[in-house]
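Take a look at the structure below.
The values are calculated or read from the model by the stated rules, or taken from the named source; none is laboratory data. No experiment lies behind these values; they were computed from the predicted model shown. A quick note on method: Cβ atoms are made from the backbone with ideal geometry, for glycine too, and the neighbour counts reach across all protein chains shown. Accessible surface areas use protein heavy atoms only, side chains included; no ligands, DNA or RNA. Shrake-Rupley method; radii C 1.70, N 1.55, O 1.52, S 1.80 Å.
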Amino acid sequence: MAFVLWCLVSVYASPVEERTITNVPVTIDLTDSTPERLGLQPFGETEFFVDVTIRGPKYQVSENMFTADNIRVTANVNYVDTAGQKELGLRYEILDTNSDVQVVSMSRESVSVYFDTLKEAVFTLEPDVLFPDGVDPVPAGYVLDTSILSVSTVTVSGPTTEVNKIRRVVARVENETSLTSTTTAPADIYMLTADNTSPSYCTCAIEDVTVTMLVKKIVTVPARVDFTHAPIDYLDSPLAYTISPDIVDVALNADIADTTTALSVGSIDFSDIENRVNTFTFPTSEIENALFLDDELESFTVTIDASALSRSEYSVTLSGVTSVNLPAEYTATYSLNNTYTVAVVGPEESLANVTASGIYAEVDYTGVDLSVGTQEVEVSFFVRSQNDCWCVGSHTIEVTISENETAASTTAAE
């Protein structure tokens, strides 16, 4: 009886006390709300906590009876109908409807949240290589060429207003000292607005971007041209030519600069060399791995004087065609009905010994886009018997491409 009496006194005559519950989470619920219907969502900081002071009977406000789980604090999103920074009022709810506990105060009455629609945009990534003030990127005799990125584009996501401010995205590498060789380093991604500030709440969905900083060494070397499909007699003794300019100052990859004895500006196919003065132009912009120091140098001019040679034409009917670099899974069947007029250039005395039967055909499939069926491909002609003569001009032939039996069986099995 005494115990029951004590319990009754404790419940009905208990003194009123106040207690502060710390770190009560704030719930931002957008379900079936105005911002959800408008496509608005929160960005940036969305996790908030408040301290709530409660008052009630001592036994109800004790730490064992009333915790953060007994109260819900929510942010009012009913008035969010446009993009921007919004102040959301906080409201509370005691979850135990039978409780006599009351909320006296909260440590904050509102939270500030940024709302906007979500946008994704693709940007071209730019290299941004930095050096400390007073530090030259490379020492004298070297140049730093355009850097190479491991990826070319990035996708940025974030609030539409902020994404629209972005003008460029850079992969930044900060070096401490000068570079004397090509170096690859990890980069940090920066999104920049027109005034070079960073947009708010934007993210870039990419990791492990590297920047390769191309260091080239300056050398002075003669220019040269290469030849393809050269007759045997011209393999060891190339056809005479002039090139302008014949000496050039150029920056080459540091690891090959010291061993480079001449700069190849391009190649000439013998089928393009007629019995006249031939002129070929090679733009500097198409010469890979070379940085030209003279900004006014736009091209090299190669002149081949073959006017002392002769030219004859032959009517060639093919009995077969040689396939070169044909993928193993294909078979090529050629249409041999056509007769070709093939021009041959060479010394007059050698041309006298050339016959139509001594001219053969070859198709090189390097770089040819093949598919099963009939198509036109380029066919090259060569002189079999005279080692100082070559065929000129371009010709095509009809070929039927089919899968060979092994490839067809493999496809069927798959």
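I want to confirm something. Restricting to region 136-160 and keeping residues that are over 19 Å from the mean Cα position of the chain (by Cα) and surrounded by 18 or more Cβ atoms within 10 Å (Cβ to Cβ), which single residue is nearest to residue 83 (Cα to Cα)? Before you say what the answer is, go through the steps one by one.
Restricting attention to region 136-160, the residues satisfying the condition of being over 19 Å from the mean Cα position of the chain (by Cα) are 136-144, 158-160.
From what's left, surrounded by 18 or more Cβ atoms within 10 Å (Cβ to Cβ): 138, 142, 144, 158-159.
Values: 138: 48, 142: 52, 144: 45, 158: 13, 159: 9 Å.
Among residues in region 136-160 that are over 19 Å from the mean Cα position of the chain (by Cα) and surrounded by 18 or more Cβ atoms within 10 Å (Cβ to Cβ), the one nearest to residue 83 (Cα to Cα) is 159.
Pull up region 98-135, narrow it to residues that are among the acidic types (Asp, Glu) and under 30 Å from the mean Cα position of the chain (by Cα), then point me to the one that is surrounded by the fewest Cβ atoms within 10 Å (Cβ to Cβ). For region 98-135, the residue satisfying everything is 120.
On the basis of being outside any loop (DSSP other than H, G, I, E, B), open to solvent by less than 40 Å² (accessible area, probe 1.4 Å) and within 18 Å of residue 272 (Cβ to Cβ), does residue 399 make the cut?
Details: outside any loop (DSSP other than H, G, I, E, B): yes; open to solvent by less than 40 Å² (accessible area, probe 1.4 Å): yes; within 18 Å of residue 272 (Cβ to Cβ): no.
In short, no.
If the condition is being open to solvent by less than 30 Å² (accessible area, probe 1.4 Å) and part of a strand (DSSP E or B), then region 233-259 contributes 243, 248, 250, 251, 252. Every test in (1) in contact with a strand residue (DSSP E or B) (Cβ under 9 Å, 6 or more places away or on another chain); (2) loosely packed, with under 15 Cβ neighbours inside 10 Å is passed by residue 37 save one, and that test is (1).
Here's the yes/no breakdown for (1) more than 30 Å from residue 265 (Cβ to Cβ); (2) part of a strand (DSSP E or B); (3) free of Cβ contacts under 8 Å to residues at least 40 places away in the same chain:
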site	(1), (2), (3)
301	no, yes, no
304	no, yes, no
313	yes, yes, yes
328	yes, no, no
336	yes, no, yes
340	yes, yes, no
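Scanning region 287-299 for residues that are touching a strand residue (DSSP E or B) at 6+ places or on another chain (Cβ under 8 Å) and in a loop (DSSP other than H, G, I, E, B), which turns out most open to solvent (accessible area, probe 1.4 Å)?
First, the residues of region 287-299 that are touching a strand residue (DSSP E or B) at 6+ places or on another chain (Cβ under 8 Å): 287, 289-294, 297-299.
Right, trim to in a loop (DSSP other than H, G, I, E, B) and you get 287, 289, 293-294, 297-298.
Details: 287: 17, 289: 98, 293: 73, 294: 83, 297: 30, 298: 135 Å².
Step by step, filter region 287-299, then rank; the result is 298.
Among the residues of region 260-272, the one identified as of a type in the set (Gly, Ala, Ser), open to solvent by less than 30 Å² (accessible area, probe 1.4 Å) and assigned to a strand (DSSP E or B) is 266.
Just one of the listed residues (19, 72) is part of a strand (DSSP E or B), open to solvent by 90 Å² or more (accessible area, probe 1.4 Å) and on the phi < 0 side of the Ramachandran plot, and it is 72.
Scanning region 186-200 for residues being part of a loop (DSSP other than H, G, I, E, B), of a type outside the set (S, T, N, Q) and open to solvent by 90 Å² or more (accessible area, probe 1.4 Å) gives a total of 1. Taken over region 353-404, the criterion of being in contact (Cβ under 8 Å) with a residue 24 or more places away in the chain and of a type in the set (Gly, Ala, Ser) is satisfied by 356, 358, 361, 371, 373, 380, 385, 393, 394, 402. Among the residues of region 40-58, those identified as more than 58 Å from the chain's Cα centre (by Cα) and open to solvent by 80 Å² or more (accessible area, probe 1.4 Å) are 55, 58.
Only residues that are crowded, with 17+ Cβ neighbours inside 10 Å, in a loop (DSSP other than H, G, I, E, B) and among the β-branched types (Val, Ile, Thr) were counted in region 206-222, giving 1.
Of all residues in region 98-114, those that are in contact (Cβ under 8 Å) with a residue 40 or more places away in the chain and assigned to a loop (DSSP other than H, G, I, E, B) total 5.
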